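Visitor: Before anything else, here's the structure in question.
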Amino acid sequence: MARIGVDVGGTNTDLILETTERDSIGRAIFKHKVPSTLEDQSIAVMRGILELCNQAGIGKEEVDLIVHGTTVATNISIEHNGAEVGMLTTKGFRDILHIGRHKRPHNFSLHFDAPWQTDPLVRRRNRIPINERVLPPHGDVETALDEAEVREAARLLKSRGVEAVIIGFLYSFLNRDHELRAKEIVQQEMPDAYVCCSSEVVDVMREYERFSTTAMNAYIGPRTSFYLTHLSSQLRENGIDAELRIMQSNGGVATVESCCERPVNILMSGPAGGVIGGHYFASLDGERNLITVDIGGTSADISTLVDGSIKIMNPRDSYVSGHPVLAPMIDLITIGAGGGSIAFVDEAGGFQVGPRSAGSNPGPACYGRGGSEPTVTDANIVLGRLDPDQMLGGDLKVDRALSEQAIREKIAEPLGLSLEEAALGILKIVNNNMALAIRSSSVARGVDPRDFVLMPFGGAGPVHGPALAEEVNAKAVLVPPAPGITAAAGLLTTDIQYENTRSLMCDLNTISDQQLERLQLSMDSLESEVREQLRNDDVSEEMMRISRIAECRYYGQGFELRAEFPAGAIDRIAVNQVIETFHRQHEQDYGYCFEGAVVELVTLRLIGNSESQKLEWPPLAAAQPGDTVDAFLYERETIFDDGSARITPRYDRSRLRAGQFIEGPAMLMQHDSTSLVPPGWVAKVTPYGNVIISQH
Amino acid sequence: MNTIKVDPITLQVISGALDTIAEEMGHVLYRMSFSSIIRESQDLGAGLFDLNYQTICESESTPMHIGSIPAYLRGIEQTLQGGEWHEGDVVVHNHPYYGSSHSPDLAVIIPIFHEGELIAFAGNTAHHIDIGAATPGLIIDVADVYAEGMLLAGIKLYEKGKRNEGLAQMITHNSRASTQLIRDIEAQVASAQLGVKRFKELLTRYGKDTAFAAIEQLIDYSETMLRQRIAAIPDGDYRAEGFLDDDGRNRETRLPVVVTVTVAGDSVTVDLTGSADQTPTAYNVPFEGSCKVAAYAAFRMLLLDSYTLETPVPSNEGSFRPIKVVAPKGSIFNPIFPAAAEARFTQCNRMIDLIIRALAPVLPERVIAGSSASISFASYSGLKEDGDYWVFLEVNEGAYGGRPRSDGPDCIDNLMANTRNNPIEDLGMHLPMICDRYELRDDVMPGAGKHRGGIGVVKAQRVLTPGFITHESERHYDVPWGIFGGTDGAVGRTEIYNAANPDERTLMPSKFSGYATQAGDVMAYYSPCGGGYGDPLERTPEQVREDVLDDFCSLEHARDIYGVVLSEAVVIDADATQRRRSEMRQRQAISA
């Protein structure tokens, strides 16, 4: 059972291969990294897979499963090169997608951009109004669907070469007949088009968000499905008949077919792998409360995991490229802070870092590729926290003098600081920016970071770990064994997962027998849909795990919170339990609950998953006397946050074994990552090769 | 006096922390609240304030609230129950002659004590849907401020931590939407308490002296940023004027708005002398809590445009300091007690639009053409089966004028307004109302120009049961101007008709109070469209063709105003276009 995880990042495509006793080479784990090919991600993916098999010495045919984390869908939305989409919508409401929520993104600006108007998912010319009308609150039909208009519209869109069509009618969450019939007609007229209905993509109330999600699905649909099916056939052509599974934004994996149908579910495929990987490595050593910080070149993805569970974002908060997307996504915050973030002094003398980034081209000043602005990486070089001759194990050549020059000219001299003070300032500010995001993802939600370990990964993560942990008062830093491939490894540790929603609005406190019956019926039908999807993915009934969630609010509120149904029949006892759970959730999120208020159910959500085989990361052998000496590489000067310059030993992390202690100041060196152990801190190697760095 | 100089790094750290506190306060308030005007529209503001009532930080919610709370605090100082602050006090305040923005915007203020000493305030304001005014929701045509509903001044809802149940009961019995009112006040309390907690954590971390030194420096920083930009404007007096439709009662009397901006060095004065006298209705602007705030907002959006700035300027007192506002006592911008002053938004928005216009000759790359610069604030109400009221407040959008580098955005809250709409479907599920139309206006063309004006909205709301509508709007007469060769936009319009008889339409004035509706009555609102920026002949034929394809522009408009000749199949006739454009240029030259 050989399995490969392949994660595409902005700079590198990371791969991990795990084999078992049943494979020709026995149980082993291999890692590999190739430069990403952003024009077509599949080139690097294929190259990486073939090289990895070669390196491991296994036959291509031995690979059974490939799990893929991809940014292909996200990039389409960022680069605005999706499909030409047409839309059929209720007459009188042609511009729901153009108006959005009529709020502009800036309070104090005359020259702002409204992305939903300047880069629309569906251009106005292709939004065609159709006579039809469904009425609230019961879904009665006021105006029948004008089928002739639908047919004519489809022909018009076809004549314009439109590739994808969405059908978005008002109140379709109450009655989807018109949408489904219109879809049928469109498919008859445009058999090759990518067609979806709003009630199929996301069956919830709120027209703009539902239409926007559906439009995004269609916008990224044709190219995403082309990419995925192309990759599948590439694999087969190269003699690999492994199953291909895709990481979804919710942290579960799904089949290529299902992702082609709902590409909107893989918009956060990339960062999801990191969170899952962080979760996996921490849980090996029993850590259940973590803050993961995945730091790359341009951005950092931050997520907080409480008691071992990965939180899903409130769908009302999930935006992609300025468009609301109601798809389940792991709750994470992405901020513009990474190794390439640029430091500068603004016109009023303010000292700023990011969000602008030098990326990998020109990259930090020290890369010598023409970048003259100082970056976070340059600050780390100047302070001796990264060794210029050890970047990517020495494969990446960098020039410390260029870092010094950039920081001196752009920061130190204008602000009247020494070179070291300026470099320390850059780190302090970028760390603070990340700390604020960490706080908003933790403290702001009632989480006390003092009970949490901070888990920095991605190549650039571990060098920032202690400063971040101190800034947010986390109890310790936990660096996973292979920081650079944490996300790829995460792909081999997650479950198959499908979820569906249904809009069903009623007051839970006064629910009638009839409504209760409808609730049970809706839940049952959601469950059978999800079980069907799992069966299609070869999951047997006994392996299926189902959670049933009520998205509720106090009657009159505008934002829902989740409460889970207990197992078993949906009766009054179960409903009362949901009400109670909702009150507690409200109290946790907002610090207050309205005990006497009526709780309104808005949406039912059913999540089905099946536990997959997990990566088996091998434990380390116990440390022996003398290991530290063997692991010692050399020592150099490093400047720490208190401004002190210390001669700091560097150790080869691959030679450290379980139970080993390293006193700070020290640095632990790996091919693609450096972990910092400041003075007064100690690093301890855990049984599974995580390193816990904490203050004495 | 604090003499510590905080290093630039700590300063940046504290700045970020303050921002986060204000945002968290705003977030809790709108997520928790019950009335759609707070939870969906986010008609609220939240922040921290020092003992001199300077804004330390404020949430990015709605501009009309940003900068208003200091005036509330000054008003509370004059009216504070017992005359003294204690730990655990929570004050509610909405008196427009003691600093409130207008009476429905209730402030909740909590004093922050540090080691037994009063050091700052956490507070917020939020618009409540009904505080027991003469008509449900909104009011315009009333006699005096007492008709606006409950007036709360410096009164403590909590005294030393103990809730004043009598006051809560009194509030409950004086509103048509009492459950929402009292729960939304609780949400305000939760938000302010969070602010107290977070600010205390910050003080523990950095120490009081460092924290306050940093706050002063941050205020100075924002002030410096604004003053530098003011200083770059040539000194002088810049004047612009327009007029408002009427006061909501006297239909034939137009109300002038005259704005004189005096730039002197790095300071500006906005003088509203020459504007209309105060009106006998509620169509007046509280000076402290609204008029001054609008002037601050104008300069912030003109000179510290957050989209074009590389780094945001901290939202604090510094951006208010360089600006002085003058409005004669007894004028529409500075009414004398007990004049009512609830309906004040459209005057404020027009003042901002006119400040922009006044500065056009010296800031051609920063100003924009005339925006709709009004608002449509509608109150729909009726009785439920159980005899209780339902009240729904809706803010409808307008459009921006054309801009130096881009078209004016369509159908969007503009200038001083920045709320979110209420989902049509949510509304239909919960109230006896249904939306019949919500899209771009197609009955008029927006201002033409190198960059066209934004297109206004048409929104038609049908009520299913009898009830009342009050509507506060503007600009049925004074059209948004084009600039630098751009043409004027279009005025607004409001109609009422019954769904059973849609051809029989009553044209309504822009402001009306307590209009009694029958089941099936529909109010259709058409917002003004923005003016154009620059000569329409400078817009490329290709861009005009795109506009025609998207129905932003008709074939006739393309030919008549833009000089672009297109076939029925929307293909550019290059020769005809060239001929027509050169003819039009010649005509322009002659008339010039």
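The values are calculated or read from the model by the stated rules, or taken from the named source; none is laboratory data. Since the model is a prediction, treat every value here as computed from it, not as a measurement. Every residue, glycine as well, gets a Cβ built from its backbone with ideal geometry; the counts of neighbours run over all protein chains shown.
Visitor: Of all residues in segment A:123-150 being more than 14 Å from chain B (Cβ to nearest Cβ) and assigned to a loop (DSSP other than H, G, I, E, B), which is nearest to the chain's Cα centre (by Cα)?
Guide: This residue is A:L145.
Visitor: I've got another one for you. Somewhere in segment B:263-286, is a residue buried (at least 19 other Cβ atoms within 10 Å of the Cβ), in contact with an Asp or Glu (Cβ under 6 Å, 6 or more places away or on another chain) and either polar (S, T, N, Q) or within 14 Å of chain A (Cβ to nearest Cβ) (or both)?
Guide: Yes; the residues of segment B:263-286 include at least one that is buried (at least 19 other Cβ atoms within 10 Å of the Cβ), in contact with an Asp or Glu (Cβ under 6 Å, 6 or more places away or on another chain) and either polar (S, T, N, Q) or within 14 Å of chain A (Cβ to nearest Cβ) (or both).
Visitor: Taking the conditions exactly as written (of a type in the set (G, A, S) and more than 18 Å from B:H476 (Cβ to Cβ)), does B:A358 satisfy them or not?
Guide: For B:A358, the condition - of a type in the set (G, A, S) and more than 18 Å from B:H476 (Cβ to Cβ) - is met.
Visitor: Next up: Among (1) surrounded by fewer than 18 Cβ atoms within 10 Å (Cβ to Cβ); (2) touching a helix residue (DSSP H, G or I) at 6+ places or on another chain (Cβ under 7 Å); (3) aliphatic (A, V, I, L, M), where does A:A622 come up short?
Guide: (2) is the only condition that A:A622 fails.
Visitor: Can you tell me which condition B:L202 does not meet? The list is (1) touching a helix residue (DSSP H, G or I) at 6+ places or on another chain (Cβ under 6 Å); (2) crowded, with 24+ Cβ neighbours inside 10 Å; (3) not hydroxyl-bearing (S, T, Y), and all the others hold.
Guide: (2)
Visitor: Just for segment A:325-381: of the residues that are under 30 Å from A:L305 (Cβ atoms) and of a type in the set (S, T, N, Q), which one is surrounded by the fewest Cβ atoms within 10 Å (Cβ to Cβ)?
Guide: A:T334
Visitor: While we're on this one: Which of the residues that make up segment B:205-226 are over 17 Å from B:F49 (Cβ atoms) and touching a strand residue (DSSP E or B) at 6+ places or on another chain (Cβ under 9 Å)?
Guide: Answer for segment B:205-226, where residues must be over 17 Å from B:F49 (Cβ atoms) and touching a strand residue (DSSP E or B) at 6+ places or on another chain (Cβ under 9 Å): just B:L226.
Visitor: Looking only at segment B:366-386, decide whether some residue is at pLDDT 95 or above, surrounded by fewer than 24 Cβ atoms within 10 Å (Cβ to Cβ) and not small (G, A, S).
Guide: yes
Visitor: Kindly indicate which of A:S318, A:S309, A:S283 is out of contact with any Ser or Thr (no Cβ under 6 Å at 6 or more places or on another chain) and closer than 30 Å to A:I166 by Cα.
Guide: Unique residue meeting the criteria: A:S318.
Visitor: Is it the case that B:A147 is hydrophobic (A, V, I, L, M, F, W, C), in contact with a His (Cβ under 8 Å, 6 or more places away or on another chain) and either closer than 24 Å to B:E394 by Cβ or crowded, with 21+ Cβ neighbours inside 10 Å (or both)? Talk me through it step by step, then tell me what you get.
Guide: Values: hydrophobic (A, V, I, L, M, F, W, C): yes; in contact with a His (Cβ under 8 Å, 6 or more places away or on another chain): no; either closer than 24 Å to B:E394 by Cβ or crowded, with 21+ Cβ neighbours inside 10 Å (or both): yes.
No: the conditions fail for B:A147.
Visitor: If you don't mind, another one. Can you tell me which residue is nearest to the other protein chains (Cβ to nearest Cβ) among those in segment A:169-184 that are surrounded by fewer than 20 Cβ atoms within 10 Å (Cβ to Cβ) and more than 17 Å from A:A215 (Cα to Cα)?
Guide: Applying the filter and picking the extreme gives A:N175.
Visitor: Of all residues in segment A:570-607, how many are of a type in the set (D, E, K, R), within 14 Å of another protein chain (Cβ to nearest Cβ) and free of Cβ contacts under 8 Å to residues at least 40 places away in the same chain?
Guide: Of the residues in segment A:570-607, 2 are of a type in the set (D, E, K, R), within 14 Å of another protein chain (Cβ to nearest Cβ) and free of Cβ contacts under 8 Å to residues at least 40 places away in the same chain.
Visitor: Within segment A:197-213, work out how many residues are in contact with a helix residue (DSSP H, G or I) (Cβ under 6 Å, 6 or more places away or on another chain) and more than 14 Å from chain B (Cβ to nearest Cβ).
Guide: 2
Visitor: Of the residues A:G596, A:G608, A:G643, which is modelled with pLDDT under 95 and crowded, with 18+ Cβ neighbours inside 10 Å?
Guide: None of the other options fit; the residue is A:G608.
Visitor: Can you tell me which of (1) outside any helix (DSSP H, G or I); (2) of a type in the set (A, V, I, L, M); (3) modelled with pLDDT of 90 or more; (4) out of contact with any Leu (no Cβ under 9 Å at 6 or more places or on another chain) is the one A:I573 doesn't meet?
Guide: Condition not satisfied by A:I573: (1).
Visitor: Could you please give the count of residues in segment B:407-442 that are over 23 Å from A:Q557 (Cβ atoms), facing another protein chain (nearest Cβ under 7 Å) and either in contact with a His (Cβ under 6 Å, 6 or more places away or on another chain) or assigned to a loop (DSSP other than H, G, I, E, B) (or both)?
Guide: Counting residues in segment B:407-442 that are over 23 Å from A:Q557 (Cβ atoms), facing another protein chain (nearest Cβ under 7 Å) and either in contact with a His (Cβ under 6 Å, 6 or more places away or on another chain) or assigned to a loop (DSSP other than H, G, I, E, B) (or both) gives 4.
Visitor: With respect to A:L392, is the statement that it is on the phi > 0 side of the Ramachandran plot, away from chain B (no Cβ under 14 Å) and under 32 Å from the mean Cα position of the chain (by Cα) true?
Guide: Taking the combined requirement at face value, the residue satisfies it.
Visitor: Kindly provide the set of residues from segment B:452-462 that are touching a Ser or Thr at 6+ places or on another chain (Cβ under 6 Å) and either more than 10 Å from chain A (Cβ to nearest Cβ) or free of Cβ contacts under 8 Å to residues at least 60 places away in the same chain (or both), ordered by number.
Guide: Of everything in segment B:452-462, just one residue is touching a Ser or Thr at 6+ places or on another chain (Cβ under 6 Å) and either more than 10 Å from chain A (Cβ to nearest Cβ) or free of Cβ contacts under 8 Å to residues at least 60 places away in the same chain (or both), namely B:G456.
Visitor: Also, I was wondering about something else. Condition first: more than 24 Å from the chain's Cα centre (by Cα), more than 12 Å from chain A (Cβ to nearest Cβ) and on the phi < 0 side of the Ramachandran plot. Can you find one or more residues in segment B:41-48 that meet it?
Guide: no
Visitor: Got a sec? Which of B:P314, B:P256 is touching a strand residue (DSSP E or B) at 6+ places or on another chain (Cβ under 8 Å) and at pLDDT below 95?
Guide: Working: B:P256 fails: at pLDDT below 95.
On inspection, the qualifying residue turns out to be B:P314.
Visitor: Of all residues in segment B:52-94, how many are among the polar types (S, T, N, Q), surrounded by fewer than 24 Cβ atoms within 10 Å (Cβ to Cβ) and in contact (Cβ under 8 Å) with a residue 12 or more places away in the chain?
Guide: Selection size over segment B:52-94: 4.
Visitor: Can you pull out the strands (runs of 3 or more DSSP E) entirely within segment B:321-403 that have at least 2 residues that are not hydrophobic (A, V, I, L, M, F, W, C)? I'd like the intermediate steps shown before the answer.
Guide: On the way: elements: B:323-326, B:376-383, B:389-396.
Where strands (runs of 3 or more DSSP E) fall fully within segment B:321-403 and carry at least 2 residues being not hydrophobic (A, V, I, L, M, F, W, C), they are B:376-383, B:389-396.
Visitor: Now for a different question. Scan segment A:80-95 for residues that are on the phi < 0 side of the Ramachandran plot, of a type outside the set (A, V, I, L, M, F, W, C) and within 13 Å of chain B (Cβ to nearest Cβ) and report the count.
Guide: 6
Visitor: Here is a further query. Where in segment B:475-592 are the strands (runs of 3 or more DSSP E), entirely inside, with at least 1 residues that are hydrophobic (A, V, I, L, M, F, W, C) and either farther than 19 Å from B:A378 by Cβ or within 14 Å of chain A (Cβ to nearest Cβ) (or both)?
Guide: B:521-526
Visitor: Among the residues that make up segment B:273-283, is at least one of them over 27 Å from B:L151 (Cα atoms), touching a residue at least 12 places away in the same chain (Cβ under 8 Å) and out of contact with any Phe, Trp or Tyr (no Cβ under 9 Å at 6 or more places or on another chain)?
Guide: Checked against the condition, which is being over 27 Å from B:L151 (Cα atoms), touching a residue at least 12 places away in the same chain (Cβ under 8 Å) and out of contact with any Phe, Trp or Tyr (no Cβ under 9 Å at 6 or more places or on another chain), segment B:273-283 yields at least one hit.
Visitor: Taking segment A:647-664, which residues are part of a loop (DSSP other than H, G, I, E, B), surrounded by fewer than 20 Cβ atoms within 10 Å (Cβ to Cβ) and not basic (K, R)?
Guide: Once the filter is applied, which keeps residues that are part of a loop (DSSP other than H, G, I, E, B), surrounded by fewer than 20 Cβ atoms within 10 Å (Cβ to Cβ) and not basic (K, R), segment A:647-664 yields only A:G659.
Visitor: Has segment A:185-196 got at least one residue that is over 30 Å from A:I43 (Cα atoms), within 12 Å of another protein chain (Cβ to nearest Cβ), out of contact with any Phe, Trp or Tyr (no Cβ under 7 Å at 6 or more places or on another chain) and assigned to a loop (DSSP other than H, G, I, E, B)?
Guide: Looking for residues that are over 30 Å from A:I43 (Cα atoms), within 12 Å of another protein chain (Cβ to nearest Cβ), out of contact with any Phe, Trp or Tyr (no Cβ under 7 Å at 6 or more places or on another chain) and assigned to a loop (DSSP other than H, G, I, E, B), one finds none in segment A:185-196, hence no.
Visitor: Which of the residues that make up segment A:655-674 are small (G, A, S) and under 22 Å from A:N12 (Cβ atoms)?
Guide: A:S673
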